[in-house]
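A short worksheet on the structure shown next.
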């Protein structure tokens, strides 16, 4: 096998791995969006009180970060991985910062934080795609 064939094989393997990463992030994001959306709809339409139950500015900020920002970021990530990943991770960071700002001393909610993992995968995929395009 000559050098050119080896480079083509390496490039093809890299592209395949990048595609697997991208689709893994998308499938996981779809599961998270479905799961969070069910609870969001229950909250908005149920007896909990809907949007009127948001009593303070910090509750509105936390609601905009999680679930709204999270779901928006995961959906945007399907087409624009960098922007979707940034919005997803930024929303979860904002959610936790808002919790700290109101004096919430409870430890990080790892379930909520884990919902941002597809956003991290989007960022990784975008970075790998960018480095691949810079090599050409």
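Bear in mind that the values in this text are calculations on the coordinates, not laboratory data. Every value quoted in this text rests on a predicted model; they were computed, and no experiment measured them. FYI the Cβ positions are ideal-geometry reconstructions off the backbone, even for glycines, and counts take in every protein chain you see.
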Next on the checklist: Suppose each label sits 7 Å from its Cα in the direction of the beta carbon; what would the residue 15-residue 58 distance come out to in nanometres?
Outcome noted: 5.2
Next on the checklist: Order 127-135, 57-65, 79-87 from most to least packed using the mean count of other Cβ atoms within 10 Å.
Outcome noted: 79-87, 57-65, 127-135
Item to check | D_trans [Stokes-Einstein, Kirkwood Rh over alpha-carbon pairs] for the range 75-127, 20 °C, 1.002 mPa s, µm² s⁻¹ | outcome: 187
Checklist entry - Taking the Cα-to-Cβ direction at residue 110 and at residue 80 and moving 7 Å from each Cα, how far apart do the two end points lie in nm? => result 3.4
Checklist entry - What ranking do 28-40, 109-121 get when scored by the average of other Cβ atoms within 10 Å per residue, highest first? => result 109-121, 28-40
